Amino acid sequence: MDKKTSVLILYHSGAGSTRMVAEIYHEQLHSCYHTDLSSVSMDYDYERFLEYDYFILAFPTYHCDPSTSMMEFIKNIAASDKPKRAFAFTTCGLFSGNTLRIFIKECLNKNIIVEGSSVYKAPATDGTLLLPSINFIYKFEKDIADRIRKDIGRIRGLIETETSRIDWPRFKLYSILNYPNKVLGKACKHRIRLIKELCSNCNQCVRQCIRNCWMSGKDYPQYEITHCEYCFRCIHQCPKEAIVLSSNTVKKRKLNKEFYEHYKKEVLKQLQK
C-alpha cells in the first residue's frame, strides 16, 4: 500500500451518526495512508480541499436529499483541472432514496468522480425527537460493522487502482411515491426554542452550529432560523436539554456524545474480530 497517498475524509454530520462512521473510517485507514478527518464549515479552506489525492465524502440524508451543508460545500469548491477520485457514503433513518445519485451528479460538475458509495441505516435525528420512543429508531443497522469492513476493503482497492469510473447507484423507484412526503418535510419549519430556566449559557450550541444559527447573547444564546437546516444537533447535544421542539422533547432520549461513544466502541470491537 502506498502510504504517500493523501486521503481526506470530509463529512457533515447532524447529531453525530455520520461523524461516528467517519471516525471509524479514519481509524481503519490512517495506518495505510496519510489520512485526515475534517468537517465541512462555513469558513473551510476550499483550496486546501483539492490538494488531496483521494476523498471520502460523508453526509446525512434529509428528506431523501443530501444535507444542505454538504451540497453547499460541493457547490462552493472550484472545479478541479484534472479528475479527482472519491468514495461517498450517507446515513439515513429509514430510506435514502436517490440521495447518492443527486450527490454524485453535483460532484461530477466539479470533476470529482465518485467511484463507489454506500448507505448506512442510523438513528434518525428528527425521528428520535418527533416520533414515539420506539427502540429501533435509536439503532444502527445490525450488520454495520461487517458493512464498514467491506466498504473499507472496497476503498483500499479503489485507491490502488489507477483507472476510475462513476459508480451510479440504482435508481430507487419508491422515491417517486415519496415525493409528496419529501416536499412536505422540506416545507415544515420546526419551532426550535430555548427553555431559559434550564440553560446554563455554556454556548455549546453556538460552538457546535456550523451554520451560525446560534449566537452568543447577554444572558442566553440567541437562535436565528434563516440558515437552519434542522439537523437538530443543538437539541441532541445540549448538556442541559434546554433546547427543544416542544415540552415532550425534554423527555426524549438524546443522540449525544455518550450515545455515540457507546456505539463506536461496539463497532470497533466487532471490527477487531
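Just need the relative contact order of the stretch 1-51 here, percent rounded to a whole number, with Cα pairs under 8 Å and 6+ apart.
Result for the stretch 1-51 is 46 percent.
Tell me which trypsin sites (Lys or Arg not before Pro) from the stretch 1-94 have a DSSP coil assignment and no more than 15 other beta carbons within 10 Å of their own.
For trypsin sites (Lys or Arg not before Pro) across the stretch 1-94 that sit outside H, G, I, E and B with at most 15 neighbouring Cβ atoms in 10 Å, the list reads LYS3, LYS4.
Can you grab the distance from the C-alpha centre of the stretch 218-235 to the C-alpha centre of the stretch 72-125, Å, no decimals?
Each part reduced to its Cα centre gives a spacing of 26 Å.
Please name which of LEU255, TRP168, ALA78 has its Cα lying farthest along the dipole of the chain towards the positive end, using unit charges on Cβ (Lys, Arg +1; Asp, Glu -1) and the Cα centre as origin.
LEU255
Provide the packing ranking of 197-207, 5-15, i.e. peptides ordered by the mean count of other C-beta atoms within 10 Å per residue, highest first.
5-15, 197-207
Compute, for the chain, the length of the dipole vector about the Cα centre, with Cβ point charges of +1 (Lys, Arg) and -1 (Asp, Glu) only. Units Debye, rounded to 20.
Approximately 840 debye in magnitude.
What does the charge add up to near VAL250, with Lys and Arg as +1, Asp and Glu as -1, over the other residues with Cβ less than 13 Å from its Cβ?
+4
Among DSSP beta bridges lying fully in the chain, give the percent that are antiparallel, nearest 5.
20
Mind checking the per residue accessible area of the chain for me, 1.4 Å probe, whole number of Å²?
Accessible area per residue: 52 Å².
Between HIS34 and SER164, what length comes free when the chain is fully extended (0.36 nm per residue of separation minus the Cα-Cα distance, one decimal in nm)?
So the extension gain works out to 44.7 nm.
Is it possible to state the helix-based mean residue ellipticity at 222 nm for the chain, with each DSSP H run of 4+ residues giving -39500 (n - 2.57), the sum divided by total residues, to the nearest 500 deg cm²/dmol? What is it?
For the chain, the value works out to -9500 deg cm²/dmol.
How many percent of the alpha carbon pairs in the chain exceed a separation of 26 Å?
Within the chain, distances greater than 26 Å cover 43 percent of Cα pairs.
Straight-line reach from LYS105: which lysines have a Cα under 25 Å away, not including same-chain ones fewer than 8 places off?
By straight Cα distance, LYS105 reaches LYS75, LYS82, LYS84, LYS121, LYS150, LYS172, LYS182, LYS186.
How far apart, in nm, are the 7 Å Cα→Cβ label points at ASP53 and SER80?
Placing both labels 7 Å along Cα→Cβ, they lie 1.2 nm apart.
The values are calculated or read from the model by the stated rules, or taken from the named source; none is laboratory data. The structure displayed is predicted, hence computed values, not measured ones. Positions of Cβ are generated from backbone atoms using ideal geometry, with glycine treated the same way; all protein chains shown enter the neighbour counts. For accessibility, only protein heavy atoms count, side chains too; no ligands or nucleic acids. Shrake-Rupley method; radii C 1.70, N 1.55, O 1.52, S 1.80 Å.
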